[in-house]
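Each remark here refers to the structure printed beneath this line.
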Amino acid sequence: MDPGRKVFTVDLLERYAAKGRGVITCMAAGNDVIVLGTSKGWVIRHDFGVGDSYDIDLSAGRPGENSIHRVFVDPGGSHCIATVVGNGGADTFYTHAKWSKPRVLNKLKGLVVNAVAWNRQQITEASTKEFILGTDNGQLHEICVDEKDKKEKYIKFLFELTELPEAFMGLQMETASVSNGTRYYIMAVTPTRLYSFTGFGSLDTVFASYLDRTVHFMELPGEIPNSELHFFIKQRRAVHFAWLSGAGIYHGGLNFGAQHSSTDGDENFVENKALLDYTKLVEGAEAIKPSSMAVSEFHFLLLIGNKVKVVNRISEQIIEELQFDQMSESVSRGIIGLCSDATAGLFYAYDQNSIFQVSVSDEGRDMWKVYLDMKEYATALANCRDPLQKDQVYLMQAEAAFASKDFLRAASFYAKINYVLSFEEITLKFISVNEQDALRTFLLRKLDNLAKDDKCQITMISTWATELYLDKINRLLLEDDSVLENRNSEYQSIIREFRAFLSDCKDVLDEATTMKLLESYGRVEELVYFASLKEQYEIVVHHYIQQGEAKKALEVLQKPTVPIDLQYKFAPDLIILDAYETVESWMTNNNLNPRKLIPAMMRYSSEPHAKNETHEVIKYLEYCVHRLHNEDPGVHNLLLSLYAKQEDDSALLRFLQCKFGKGRENGPDFFYDPKYALRLCLKEKRMRACVHIYSMMSMHEEAVALALQVDTELAMAEADKVEDDEDLRKKLWLMIAKHVIEQEKGVKRENIRKAIAFLKETDGLLKIEDILPFFPDFALIDDFKEAICSSLEDYNKQIEQLKEEMNDATHGADNIRNDISALAQRYAVIHQDEDCGVCRRKILTVGGDYRMAHGYTSVGPMAPFYVFPCGHAFHAQCLIAHVTRCTNETQAEYILDLQKQVTLLGDGSRKDSNGSITEESISSMTPADKLRSQLDDAIASECPFCGELMIHEISLPFILPEEAPQVTSWEIKPHNLANQRTLSLPV
């Protein structure tokens, strides 16, 4: 303990505290309130919290001299109990802080109260709740007082000592709320014994139960001036107790929640009991027993003579001695006693006239050192205030373990040290004793304790720990090779620990350095494991392939974080190693590009395979083509080539006939190269496939020619595919016929009949004369008699049909001639007042010389005109103008050109006088007449008001573009309203 740092200090609080009311005989304190008892029967109250004090005379009305025997105040400073003794016996009074007059407790008449146990958990300013009084004749009484009642509620007798009647000198009580009610814990002391009581319910129930069971007590022989019992209170709860007995200070911890029960069911709430012998407080001379004591958190304050010795409760060492500045008249009596104020955390000492205050300043600051000296390391750590103190605790633990050669434990403690010992000093300690395991443990623990910001140090220590792990693994292998098979061996344990270390430190270890270390020590499996942690998947996959573990390699490649390029890189090796697993893996990964797998698949396909073996590449390519709808020509060509090499060509034919682009507009039906497919099939002699490819390429002659080498039926099917070219179809069937006839080889009647029967299959496309040149010259005509006769009959039928068609044509021509003649005689009647449909003038109006102006022949002086069967009539010039205006530009130019030519040629040719047109006139029509006919067809083929011309006018705009100026003239523009005058009209 540092002598310059005082924990306890003494100050004079009040010099003449008794106010001339005699001398101080007793004292109590609570919540900055001090209550004194004097030799003349006065109770003096000092309230330092509000700066107030008053005194009460308890000897009034009592004969002779009276003195205050004991005074007690509750922790809140409101309630006070005082016992006065004198010639009139003993009386006990209760007074409240708000009362000016005390209340005598009549039921305690004649009893001297030595001790009071307050109910600290439940007491309030207004009510004491139940509390206990202990008397000098060995009795305990329960009492409760409410300030508003101005008297006690009740006083109950609880218990009396019968076996060894002694005075109760000290009394303490604690309560605890449990699930089934309140539990009471009471401790009481006499000059020689410490009693303990506990139980549920009420206080009288608890003590009533001791009529049937033994009272627990601890007896310590010896005499003491004043037997005292004290509880140290922390946050209104008793933590530990101390009994000032004749044999020493008996003390221990209090655990009111513990369930350690004795054999008779009583709960034992005292822990860590100890006895402080008074001989430890002096050296040499006979021990002087204390006359009073007080208890702090870690210390005992013992009043010995006129001094207070402060003894550490844990180390039992005197740390300080307190001396008091007494007045000369008080020195003879000395310090009378000590008391404590648990609420304010202060201690007081008093003599006949003065009150001294003992203050405590951070008494736990050096407790870590006390516990450390006692080797109670856990408690020492709990009391450390800064990292430097903790380091000293760790250092002592580490050195103790190192001295006992418990190096692993020492390493754990050394790793926690940050200041008092350097990293290098600690490592050298383990290196000097060649303790590699302990050094490794130290490094690992040091890593746990380092801050994340120390990246450089973490990396260096991690690398050193890696090398120590590898060294340990090699040493274990050198000692015993059998450890490889034994899963419970130290070797396997170290391997598991090392892998866990690599996993934890993967982000701080330098990748290149660590891999070189693992490689140099030959730890391939750990190298692969670390590479996997660092996502160096290429190393991992390469290792698994070397080990022949394709499935593990594929599992690595299937991880989402693995680059897709590694799939293509290792595909050739994996498919050779395990084709089934590799293809299954490919089929589960839709992100693969099959084109990039072609080298691997071709390598696999080049290897020999059993006949019954499932071709894995074909399976994958079929999956790509049919399920993934792959359109890559390379994929389709490869699948085609593999089909072509199979003995059975059924799969090849199905593939060629499949339309992969079906359902898509303007898309190809297939994606393979047909020329490559043809070369391949010819090379592999897959003739049926070649026929299909020729047909698909519209090379029907080659298809039929090749099909005839395979199967006549196939050739016939190919010939039937040609539908839009009759000549080509006939040519193909002739090829088939020639092949059939030559195949029969001979002139036997049966063979000839077969050839002639072939004609029926052509559906009349081939005749007997078409195939006769294919027969030998010396074939007998009798064999063809039936076929020739049948052919001649067909020709006769065709001739008859042609004759009928010619007759029908002749009759049709005659009918046309008659119709023409009838048309020439047709006429129409025009009324005199008939109007022209365009100009609305009379049709029969006499005009000028129209013949000269328009080139038309006029009848009399009238203008030429047209009359339609519907009844509409138009002047010729008006009709031309109307049609020209309403038709399109090209037709209008054509009409105007015809009119111009007719006008230029004049009327050189004349019709007959009756206007009829004869056959001779038609044949001998002049150019002018032909032009007039063409002009008539152009303008008068139909009535302009009843024909298509009128229908087309529906789509024309109401206002034509050239009429735009007229439209603007129709706009209504507002005038200047200001210039207008308003005329008021009378109503």
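The values are calculated or read from the model by the stated rules, or taken from the named source; none is laboratory data. The model shown is predicted, which means the values in this text are computed figures rather than measured ones. Every residue, glycine as well, gets a Cβ built from its backbone with ideal geometry; the counts of neighbours run over all protein chains shown. Note: accessible area is taken over every heavy atom of the protein model, side chains too, but ligands, DNA and RNA are not part of it. Shrake-Rupley method; radii C 1.70, N 1.55, O 1.52, S 1.80 Å.
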* Percent carbon-and-sulfur accessible area, region 379-506, ignoring ligands, DNA and RNA, probe 1.4 Å -> 49 percent
* Structure fact -> Using alpha-carbon positions, the gyration tensor of region 417-533 gives root eigenvalues a ≥ b ≥ c; with a/c under 1.5 called rounded, otherwise prolate if a/b exceeds b/c, else oblate, the class is oblate
* Asked: For region 24-86, what % of the accessible area comes from carbon and sulfur atoms, probe 1.4 Å?
  -> 48 percent
* To do: Give me the accessible area per residue for region 458-566, probe 1.4 Å, as a whole number in Å².
  => 54 Å²
* To do: Using R₀ = 41 Å, calculate the FRET efficiency as 1/(1 + (r/R₀)^6) where r is the Cβ-Cβ separation of Thr903 and Lys803; round to 0.05.
  => 0.20
* **Probe 1.4 Å, protein heavy atoms only - accessible area per residue of region 135-281 in square angstrom** => 45 Å²
* Figure the gain on full extension for Lys273 and Met460 (residue separation times 0.36 nm, minus the Cα-Cα span) and round it to one decimal in nm. => 62.2 nm
* Label-point separation (nm) for Ile954 and Asp833, each offset 7 Å from Cα along Cα-to-Cβ? -> 3.4 nm
* Structure fact -> Simple spin-label estimate for Asp204/Thr890, 7 Å along Cα→Cβ, in nm, reads 13.3 nm
* Structure fact -> Put Ile843, Ile123 in order of accessible area, largest first, probe 1.4 Å, and you get Ile123, Ile843
* Structure fact -> Against the 2.2 N^0.38 Å rule of thumb, the C-alpha Rg of region 145-301 sits at a ratio of 1.14
* Structure fact -> Per the rule of 0.36 nm per residue minus the C-alpha distance, extending Glu549 to Asp47 adds in nm 171.8 nm
* When each of Lys40/Lys101; Lys234/Lys390; Lys156/Lys273 is checked by Cα-Cα distance, pairs over 27 Å -> Lys156/Lys273
* What is the calculated FRET efficiency for Asp55 to Leu12, with r their C-beta to C-beta distance and R₀ = 25 Å, to the nearest 0.05? -> 0.75
* What is the calculated FRET efficiency for Arg627 to Asp648, with r their C-beta to C-beta distance and R₀ = 30 Å, to the nearest 0.05? -> 0.85
* Between Gln323 and Glu297, what is the spin-label point distance in nm, taking each point 7 Å from the Cα along the Cα→C-beta axis? -> 3.0 nm
* Rg/Rg_globular for region 393-480, with Rg_globular taken as 2.2 N^0.38 Å and Rg from C-alpha atoms -> 1.10
* Structure fact -> Rounded to whole Å, √(5λ) for the Cα gyration tensor eigenvalues of region 436-489, largest first, gives 29, 10, 9
* In terms of the ratio Rg/(2.2 N^0.38 Å) built on C-alpha atoms, what value belongs to region 13-162? -> 0.98
* Structure fact -> Kirkwood-based Rg/Rh on the Cα set of region 123-215 evaluates to 0.98
